[in-house]
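> I am attaching a structure below and will ask some questions about it afterwards.
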Amino acid sequence: MSTDEKTAFYLRHRALIEEWATLRDVARSLFITQLRGLGDQMISWADSPEAVFVEEDGAWSKVGLTKPAWNEAGWRLSLVLAWSKGQLLTPARIERPYVGIHLASGCIGRRARSQLLREECASAAGALGWKEPWEEAFPHWCWVDQPADSTTLEPWVDHCLMIFQAGWSALHGVLDEVVDN
């Protein structure tokens, strides 16, 4: 299809295309609300009684779990489900949520600690199919793709929780060991 044909198509269907484009903002808002609502579920099944829910609202929003011992040791460490508030559901941008080990800014020796987490968690994170790294902040992480054939947000939100749970189960003990050493 040539540029002229694409332009003509757009002009013929402009009103409908623009109406559909506004639906993204509605879906994004609902998706964010549902992701934020996962805190109780994250805490309720965590197989670690010392797990504490963490939440950060901002351009890069996060919900997840941490352990006070990690923070007391100066690590500022958590496992999170995160998303870009303005780009979620926007194609060719950071349109998907992701799960990962998060090392917050302000952590003393962040670069070295991120490298240590990459090395020590490589086996467990690799078994989960997680990537490494996304800057110092995310030594291991993975995208959470929309489940095939899902036409509502609930399966995607459930998939986010499932990926998070698998990550927490596989990694929180390893993170304990890294922080303790």
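> Could you order Ile163, Ile108 by accessible surface area, starting with the largest, using a probe radius of 1.4 Å?
Ile108, Ile163
> Test of understanding: what is the full-extension gain from Phe53 to Glu72, defined as 0.36 nm times their sequence separation minus their Cα-Cα distance?
5.3 nm
> Along Cα→Cβ, 7 Å out, is where each label goes; now give me the distance between the ones at Asp158 and Glu177 in nm to one decimal.
3.4 nm
> Turning to a different aspect of this structure: What lysines does Lys62 reach when the alpha-carbon gap must be under 21 Å and sequence neighbours fewer than 8 apart in one chain are set aside?
Straight-distance partners of Lys62: Lys85, Lys131.
> Okay, moving on. Using only the Cα atoms of the chain, what are the Rg and Dmax in Å?
Here Rg and the maximum Cα pair distance are 19.0, 65 Å.
> Additional query: Using the 2.2 N^0.38 Å rule of thumb for compact globular proteins, work out how the stretch 42-132 stacks up: its C-alpha Rg over that value, please.
1.15
> Another question about this same structure. Residues of the stretch 146-165 with the amide nitrogen closer than 19 Å to a label point 7 Å from the Cα of Ile43, along Cα-to-Cβ, please.
161-162, 164-165
> Ordered by packing density, taken as the mean number of other Cβ atoms within 10 Å over each peptide's residues, highest first, how do 110-120, 63-73 rank?
Descending mean neighbour count gives 63-73, 110-120.
> Asp25 to Thr151: FRET efficiency via 1/(1 + (r/R0)^6), r the Cβ-Cβ distance, R0 25 Å, to the nearest 0.05?
Result of the calculation: an efficiency of 0.85.
> While we're looking at this one, here's another question. Based solely on its DSSP helices, what 222 nm [θ] is calculated for the chain when runs of n ≥ 4 H residues each add -39,500 (n - 2.57) and the sum is averaged over all residues, nearest 500 deg cm²/dmol?
Here the helix-only value at 222 nm equals -16500 deg cm²/dmol.
> Which whole-angstrom value gives the distance between the alpha carbon centres of the stretch 140-181 and the stretch 29-63?
12 Å
The values are calculated or read from the model by the stated rules, or taken from the named source; none is laboratory data. Everything numeric in this text was worked out from a predicted model, so none of it was measured. Don't worry about glycine lacking a Cβ; one is built from the backbone with ideal geometry, like all the others, and counts go over all protein chains shown. The accessibility values were calculated without ligands, DNA or RNA, using every heavy atom of the protein model including side chains. Shrake-Rupley method; radii C 1.70, N 1.55, O 1.52, S 1.80 Å.
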